[in-house]
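Enquirer: Please read through the structure below; I'll follow up with questions.
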Amino acid sequence: MYFVYILFSEKHERFYVGHTNSIDRRLTQHNQGENPSTKPYTPWILMGYVTKEDKASAYQLEMKLKHSNRPFHRLPHAAVAE
């Protein structure tokens with residue numbers, strides 16, 4: 001099972017979307033600065049996730065979210081959290 005997750009940096013008002021097979025491990029890696037693209041924006045909080053049966057499906061949804069014409073990161077923080 002894989003997960004597509006959305007993180008939020010309150011300090012920098014920034015969203016990040018990714019996929020993984022372990023949300024806890026991946027969130028820890030993001031918050032410990034192990035990912036160069038998210039390191040400057042720590043700390044991150046988990047806003048939500050969706051489960052997918054396989055890695056390919058998770059990756060496909062991640063790319064769809066990242067390249068959507070109406071990206072979630074343009075929404076107010078409260079709209080994503082609800």
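Enquirer: Please compute the net charge surrounding Thr42, taking Lys and Arg as +1 and Asp and Glu as -1 over other residues with Cβ under 13 Å from its Cβ.
Expert: So the surrounding residues net to +1.
Enquirer: Could I ask something else about it? Lys55: which lysines have alpha carbons under 20 Å from its alpha carbon, excluding same-chain residues fewer than 8 sequence positions away?
Expert: Lys64, Lys66
Enquirer: For the range 6-12, just list the computed ³J(HN,Hα) in residue order, Karplus coefficients 6.51, -1.76 and 1.60, θ = phi - 60°, integers in Hz, with x standing in for Gly and Pro.
Expert: Rounded to whole hertz, the list is 10, 10, 9, 9, 4, 4, 10.
A short reminder: the numbers here are calculations on the coordinates, not readings from a lab. None of these values were measured; they are calculated from a predicted model. Every residue, glycine as well, gets a Cβ built from its backbone with ideal geometry; the counts of neighbours run over all protein chains shown.
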